[in-house]
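Heads up, the thing below is written out as structure tokens.
The numbers here are math on the coordinates, done by the rules we state, and not lab data. Since this is a predicted model, take the numbers as computed values, not measurements. Reconstructed Cβ throughout: ideal geometry from the backbone, glycine too, with neighbour counts over all protein chains shown.
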Amino acid sequence: MSILIVTGVEGARNCGAIASEQLGTEVEVAEGRKAALAALRRREFRVVVVDETMAECDPAAAEAIWERSGLAIPLQINFALSGASRLIREIRAALHRREREQTLARRAAASAIESELKTTVAGLLLHSELALSGNEVPAHVADKLRVVADLAGSLRQQLSASQQQH
């Protein structure tokens with residue numbers, strides 16, 4: 001995905017070309033709200049950079065851009081004070097932050113799923129063993145309960161082994 005820069009500052013296209021070369025991704029420059037909203041309707045962006053001056057002069061326009069930028073990383077930079085090198089640093093830092101956040105979110109989700117699976121497996125194992133301990137279980141049902149207990153035990157071992165690997 002590419003980067004959208006929203007600014008009316010002269011030389012923005014040159015700055016975008018330098019950023020594109022340095023970051024190895026396509027950079028599109030929109031000179032105002034209408035152009036930015038049109039670009040956001042056409043496709044998604046990884047990062048949307050809005051000129052701080054524009055955002056302060058027309059907060060409704062900036063808000064409309066932020067609302068339509070979807071999952072893009074929002075950045076606000078003062079192009080009057082910042083050059084291409086600062087823009088590139090800010091974009092790289094934002095991309096690294098997003099990557100770290102996504103990694104942490106994936107780990108948290110995996111941990112939550114693993115915890116739920118362990119609880120479910122423990123319940124299956126407990127209930128199948130309790131059912132097997134009863135004297136009134138028909139042989140064909142007992143065989144099926146043993147299979148369930150074995151499968152639950154096997155799954156428990158696999159979950160324990162995967163947790164030790166992490």
Quiz item: Within a Cβ distance under 12 Å of ASP58, other residues only, what is the Lys/Arg minus Asp/Glu net charge?
Solution: -2
Practice problem: Measure out, as a whole number of angstrom, how far apart the alpha-carbon centroids of the range 104-139 and the range 1-74 sit. | Solution: 50
Practice problem: Sum up the charges of everything whose Cβ sits under 14 Å from the Cβ of SER69, counting Lys and Arg as +1 and Asp and Glu as -1, but leave SER69 out. | Solution: +3
Self-check item: Computed label-point distance, nm, for sites ALA139 and CYS57 using a 7 Å Cα→Cβ extension
Solution: 9.0
Quiz item: Listed highest first by mean packing, meaning other Cβ atoms within 10 Å per residue, what order do 3-11, 81-89, 114-122 come in?
Solution: 3-11, 81-89, 114-122
Practice problem: Return the FRET efficiency for the residue pair LEU81, GLU31: r is the Cβ-Cβ distance, R0 is 22 Å, and the value is rounded to the nearest 0.05. | Solution: 0.70
Quiz prompt | Reported label for calculated Kirkwood radius over Cα pairs in Å given (1) 16.1; (2) 19.9; (3) 17.2 | solution = (2)
Quiz item: Cβ under 12 Å from ARG41's Cβ, ARG41 left aside: what net charge do those residues give with Lys, Arg +1 and Asp, Glu -1?
Solution: +3
